[in-house]
Amino acid sequence: MFSTRTQGLLSLLALACTLVNVNGAPAASDCTGTISSLDDVDDAVACTTVNINSFTVPAGETFNLDLAKGTTVNMLGDVTFGNKTWAGPLFQVSGTGITFNGNGHTFNGNGPFYWDGQGGNGGVTKPAPMMKIKISGTFSNVKVLNSPARVYSVSNPAALTMSSLTIDNSLGDQPNSKSDGKAAGHNTDGFDCSTTNLVIQDSTIHNQDDCLAINKGSNITFQRNSCTGGHGISIGSISSSVTVSNINIIGNTITNNDQALRIKTDASATGSTVSGITYTGNTGTGLRQFGVLIDQSYPDTLGTPGTGVKLSGVNFVGATNTLTVNSGAQRVAVNCGSGSCTGSWDWSSLKVSGGTAGKIVNFSGIENFTQ
Ligand SMILES: *[C@@H]1O[C@H](CO)[C@@H](O)[C@H](O)[C@H]1NC(C)=O
Ligand SMILES: *[C@@H]1O[C@H](CO)[C@@H](O)[C@H](O)[C@H]1NC(C)=O
Ligand SMILES: *[C@@H]1O[C@H](CO)[C@@H](O)[C@H](O)[C@H]1NC(C)=O
């Protein structure tokens with residue numbers, strides 16, 4: 001047994017270690033914090049294991065987890081958000097070296113309360129994004145049900161792998177009393193990414209806008225995902241002074257989308273470059289407007305293209321990309337500004353059937369492909 005004096009010294013040391021680290025910030029303890037309401041969050045994030053029970057987040061508040069380095073989060077129940085017209089986000093998580101286990105549990109955004117067919121373009125203010133992910137490490141097995149508008153915004157501070165996620169906004173395909181006969185869900189982008197060193201894989205997305213939209217960044221892999229109902233997998237839209245490079249779109253299944261694979265750059269953009277976009281082994285069916293659309297006239301579709309985004313190295317290589325477009329849709333349309341698409345692009349692994357051929361405008365560098 002320790003003497004009283006030694007015990008006292010030890011407890012003092014333990015206390016000092018618990019309370020502060022060298023930076024003066026609270027040091028994380030090797031304890032388990034449990035969250036059953038927002039009131040529990042501050043205490044729980046002092047621990048490196050955080051368990052989340054089922055609870056409702058009060059309307060108008062963000063469930064914000066600012067985690068200690070190396071924390072493991074376990075969802076043990078579903079989280080629902082109260083209804084309020086405000087900008088959000090509904091959930092935000094930050095930290096480095098995080099392991100976030102959703103265990104198949106749900107974040108329910110109560111989309112039907114907000115949906116009016118207008119998304120971010122009008123109607124009521126909708127919390128967007130619903131989920132703001134600012135961690136490195138892993139984020140997996142999380143389900144998002146009925147987001148008010150955009151779902152995930154990802155800005156990871158170091159390498160992040162997001163796996164086995166579900167986004168189910170299928171209910172938003174139906175009109176409601178406020179949507180004037182249109183799909184009630186709108187602008188429900190799956191993943192908006194302006195980031196580097198990110199993998200998104202093995203996930204299922206049913207929505208009414210881009211499955212993935214990459215606005216800037218590099219070293220992003222999107223693989224083995226299933227995208228249903230929306231606007232396909234997009235690079236863009238690309239505005240001024242941004243760089244996109246080393247993007248790999250591999251083995252995804254795109255079903256009943258406006259198009260499967262798209263690169264859209266703003267007609268008005270200046271000083272941007274997009275390069276090194278590789279498509280391998282993707283499958284698309286039920287494509288309503290285009291198989292592949294590369295368009296420098298955004299927000300117009302096949303309008304007057306701009307020349308301020310240099311686009312190069314767009315390749316379809318490796319396992320065949322097989323796309324089937326609906327009758328009335330165009331197989332491949334490329335609309336480049338004069339001189340702004342450059343180099344030679346290898347499209348040997350692209351097979352598109354159905355519909356009609358589109359036009360390839362202002363570019364002659366596509367090789368190993370005929371419509
Ligand atoms: C929030 O809105 C949804 C959809 O309209 C509704 O089902 C739910 O009951 C509402 N929740 C609360 C707490 O009012
Ligand atoms: C690219 O991203 C992956 C996954 O996030 C990461 O493991 C890898 O180190 C990154 N590569 C480079 C060159 O940064
Ligand atoms: C080529 O691009 C320029 C803009 O850079 C555009 O004005 C022109 O219409 C394009 N050519 C065709 C045939 O569309």
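Here is how the numbers come out for the structure above:
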item	result
Leading residue by the ranking (nearest to ligand 2 (Cβ to nearest atom)) among those in region 117-132 that are assigned to a loop (DSSP other than H, G, I, E, B) and within 18 Å of residue 203 (Cβ to Cβ)	129
Residue in region 90-101 that is within 30 Å of residue 182 (Cα to Cα), at pLDDT 95 or above, away from ligand 1 (no atom under 14 Å from the Cβ) and surrounded by 19 or more Cβ atoms within 10 Å (Cβ to Cβ) present	yes
Qualifying position, being surrounded by fewer than 24 Cβ atoms within 10 Å (Cβ to Cβ), away from ligand 2 (no atom under 16 Å from the Cβ) and either on the phi > 0 side of the Ramachandran plot or of a type in the set (A, V, I, L, M) (or both), among 313, 308	313
Boolean, residue 99 is within 16 Å of ligand 2 (Cβ to nearest atom) and of a type outside the set (Phe, Trp, Tyr)	yes
Test: residue in region 352-361 that is touching an Asp or Glu at 6+ places or on another chain (Cβ under 7 Å) and either surrounded by fewer than 13 Cβ atoms within 10 Å (Cβ to Cβ) or of a type outside the set (Val, Ile, Thr) (or both)	no
Residue in region 209-230 that is nearest to ligand 1 (Cβ to nearest atom), counting only those that are surrounded by fewer than 24 Cβ atoms within 10 Å (Cβ to Cβ) and part of a loop (DSSP other than H, G, I, E, B)	229
All positions within region 199-235 that are of a type in the set (Lys, Arg) and touching a Gly at 6+ places or on another chain (Cβ under 9 Å)	224
Output for region 44-89, where each listed residue is within 16 Å of ligand 1 (Cβ to nearest atom), of a type in the set (A, V, I, L, M) and assigned to a loop (DSSP other than H, G, I, E, B)	59
Residue list for region 103-116, filter: in contact (Cβ under 8 Å) with a residue 60 or more places away in the chain, assigned to a loop (DSSP other than H, G, I, E, B) and surrounded by fewer than 22 Cβ atoms within 10 Å (Cβ to Cβ)	116
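Yes/no matrix, rows are residues, columns are (1) away from ligand 2 (no atom under 16 Å from the Cβ); (2) in the same structural domain as residue 109 (by TED's automatic domain parsing); (3) hydrophobic (A, V, I, L, M, F, W, C); (4) exposed (fewer than 14 other Cβ atoms within 10 Å of the Cβ):
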residue	(1), (2), (3), (4)
38	yes, yes, yes, no
42	yes, yes, no, yes
46	yes, yes, yes, no
50	yes, yes, yes, no
57	yes, yes, yes, no
71	yes, yes, no, no
80	yes, yes, no, no
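The values are calculated or read from the model by the stated rules, or taken from the named source; none is laboratory data. Treat the numbers as computed from the prediction; the structure is a model and nothing was measured. Positions of Cβ are backbone-derived with ideal geometry, glycine not excepted, and every protein chain shown enters the neighbour counts.
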